Amino acid sequence: MLPSLIYVGMDIAKATLDLHALSTPPQSRQFANSCAGHRALRRWLQGLGPVQVVCEASGGYERSVVLVLQQASIAISVVNPRQARDFARAQGRLAKTDRLDAQVLAQFGQRLRPAATPAPSVAQRQLAELVSRRQQVQQLRSAEHNRLEHTTHPAVRRQMRRHLLGLDRQLQQLDAWITELLQAEPALAHKVARLCAVVGVGRITAVVLLATMSELGTLNRRQAAALVGVAPFNRDSGPRRGHRLIGGGRSVARRALYMAALVAAFANPRFQVFYQRLIAAGKAPKVALVAVMRKLIILLNHVLKDPQFLPT
């Protein structure tokens, strides 16, 4: 008989990693969140037998340790922190410490068996970092531009203009690096070209979607809509029929999709007819636009899933 899978919860902090393994007997360990700590963690997990580690997204502190475990072929699932917290509350666990959180994550894995998070390619990681930095620079530029409008001191205004010019140069450099990466990775460049073939989707939108939704092209209709956060949720109780609302999902991808849907609703014949039909039926413009977003992300997912499909 094959040995049973052992679920291991891992709570990630800036300096430490707290783990709890549902082995026989259960074991708890703490390792440093450093290169040496990651090596020790890998050896300990490999000594337990077949394992699946469950951790939360922790603002970036999880990235290096997740990559180390994925490279060692150790299954690891990065789950939504809200889901793990709701699971703890459902069990009546209101206390919260690093060790308790590791126990909750191990039980979460054992009960719900989340799918392992696939390891991104080197090109995918680089693209995600470039897109993330581009978003940061854009936010800095927007904030500085807004401050410039209300500044009257001549020297300060000159300084702010120099800062804006520097940020513009950074954006140009980041765009050049993204272009170089796509030229070096034909598979990524092909995906960008396929997405851009849909009227309304520009190059930057395609790049942002690929960077923030590496799963695009492998999902079904519902998964694609839910992942970007445009799947409406029912709010019904008895005879009451509440408003359907969207929520969750990946906000960066949703913002990029919004701009593409805004163009597609007026420039793409496929979506223009759909949008106008919803408006004629009495739907609010924003509701109709969200419906276009949902239809658009489903189409883009299908474009990457089926190489024979001709996008429009």
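Would you mention how many residues in the stretch 169-183 are over 23 Å from the mean Cα position of the chain (by Cα), surrounded by fewer than 16 Cβ atoms within 10 Å (Cβ to Cβ) and either polar (S, T, N, Q) or in the same structural domain as Leu210 (by TED's automatic domain parsing) (or both)? Qualifying residue count for the region: 3. Of all residues in the stretch 260-309, those satisfying the criterion of being of a type in the set (A, V, I, L, M, F, W, C) and within 21 Å of Leu188 (Cβ to Cβ) are Ala260, Leu296, Ile297, Leu299, Leu300, Val303, Leu304, Phe309. For the stretch 1-29, the set of residues classified as touching a Ser or Thr at 6+ places or on another chain (Cβ under 6 Å) and closer than 21 Å to Thr97 by Cβ consists of Ile12, His20, listed by residue number. Only residues that are out of contact with any helix residue (DSSP H, G or I) (no Cβ under 7 Å at 6 or more places or on another chain), assigned to a helix (DSSP H, G or I) and of a type in the set (Gly, Ala, Ser) were counted across the stretch 267-310, and they come to 2.
Take the conditions (1) over 22 Å from the mean Cα position of the chain (by Cα); (2) over 25 Å from Met213 (Cα atoms); Phe87 misses just one of them, which is (1). Considering (1) over 24 Å from the mean Cα position of the chain (by Cα); (2) touching a residue at least 40 places away in the same chain (Cβ under 8 Å), the lone condition that Leu148 does not fulfil carries the number (2). Could you tell me whether Val192 is assigned to a helix (DSSP H, G or I), over 23 Å from Leu300 (Cα atoms), hydrophobic (A, V, I, L, M, F, W, C) and out of contact with any Phe, Trp or Tyr (no Cβ under 8 Å at 6 or more places or on another chain)? It is false that Val192 is assigned to a helix (DSSP H, G or I), over 23 Å from Leu300 (Cα atoms), hydrophobic (A, V, I, L, M, F, W, C) and out of contact with any Phe, Trp or Tyr (no Cβ under 8 Å at 6 or more places or on another chain). Considering only residues in the stretch 205-263 that are at positive phi and modelled with pLDDT of 80 or more, the one that is nearest to the chain's Cα centre (by Cα) turns out to be Gly229.
The values are calculated or read from the model by the stated rules, or taken from the named source; none is laboratory data. Remember, it's a predicted structure, so these values are computed and weren't measured experimentally. When we count neighbours, we look across all protein chains shown, and the Cβ atoms used for this are built from the backbone with ideal geometry, even at glycine.
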